[in-house]
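Notes follow the structure.
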Amino acid sequence: MWIEKLFAGVLRVLTPLGARYIKPSLAQRIYLLWVFRHFKVLPLQVLTSRQRRVIDAMCVEPHFVPLTEENGWESPILGTLERRPPIAPRPVGSNACIPDAVSPFANDLSNAGRRS
């Protein structure tokens with residue numbers, strides 16, 4: 001399996017528009033095998049700045065390919081990168097929903113501690 005990934009592997013990038021597949025060069029495939037050695041899926045936020053630069057450079061180049069090859073076989077996937085849009089933070093003053101999230105029993109215990 002490692003040999004197949006080394007010579008024919010693709011990088012899957014999950015975007016808001018769907019999955020995109022990139023055909024990296026041999027040196028890039030070796031590097032990606034190292035990056036994804038412990039995990040099959042990684043979010044963009046956990047990569048180092050160097051890893052992000054390498055992957056961003058691959059995404060800029062027009063090397064997008066279909067997952068299936070001409071002969072009908074699927075290309076082995078080196079790893080999956082999640083490029084999801086950032087989640088908007090909640091406003092600081094929106095703590096009104098916190099008591100609703102706490103179970104009534106836990107809420108009674110916290111109130112009992114204040115009364116004692």
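Output the strands (runs of 3 or more DSSP E) that fall wholly within the range 1-63 and possess 3 or more residues being touching a strand residue (DSSP E or B) at 6+ places or on another chain (Cβ under 8 Å) and closer than 21 Å to residue 74 by Cα, or say none.
Once the strands (runs of 3 or more DSSP E) in the range 1-63 are filtered for at least 3 residues that are touching a strand residue (DSSP E or B) at 6+ places or on another chain (Cβ under 8 Å) and closer than 21 Å to residue 74 by Cα, what remains is 10-15, 18-22.
Looking at (1) at pLDDT 90 or above; (2) more than 16 Å from the chain's Cα centre (by Cα); (3) among the β-branched types (Val, Ile, Thr), can you tell me which one residue 65 breaks?
With respect to (1) at pLDDT 90 or above; (2) more than 16 Å from the chain's Cα centre (by Cα); (3) among the β-branched types (Val, Ile, Thr), residue 65 is out only on (1).
Residue 15 fails exactly one of the following numbered conditions: (1) under 13 Å from the mean Cα position of the chain (by Cα); (2) farther than 17 Å from residue 62 by Cβ; (3) surrounded by fewer than 15 Cβ atoms within 10 Å (Cβ to Cβ). What is the number of that condition?
In the conditions (1) under 13 Å from the mean Cα position of the chain (by Cα); (2) farther than 17 Å from residue 62 by Cβ; (3) surrounded by fewer than 15 Cβ atoms within 10 Å (Cβ to Cβ), residue 15 misses (2) alone.
Return yes or no: is residue 109 under 14 Å from the mean Cα position of the chain (by Cα), surrounded by 10 or more Cβ atoms within 10 Å (Cβ to Cβ), modelled with pLDDT under 90 and hydrophobic (A, V, I, L, M, F, W, C)?
Criteria not met by residue 109.
For the range 32-42, does any single residue satisfy the condition of being touching a residue at least 24 places away in the same chain (Cβ under 8 Å), touching a Pro at 6+ places or on another chain (Cβ under 7 Å) and open to solvent by less than 40 Å² (accessible area, probe 1.4 Å)?
Scanning the range 32-42 turns up at least one residue that is touching a residue at least 24 places away in the same chain (Cβ under 8 Å), touching a Pro at 6+ places or on another chain (Cβ under 7 Å) and open to solvent by less than 40 Å² (accessible area, probe 1.4 Å).
The values are calculated or read from the model by the stated rules, or taken from the named source; none is laboratory data. Just so it is clear, the structure is predicted and the values come from calculations on it, not from any experiment. Neighbour counts run over all protein chains shown; Cβ positions are idealised from the backbone, glycine included. Areas reflect the complete protein model, heavy atoms only, side chains present, ligands, DNA and RNA absent. Shrake-Rupley method; radii C 1.70, N 1.55, O 1.52, S 1.80 Å.
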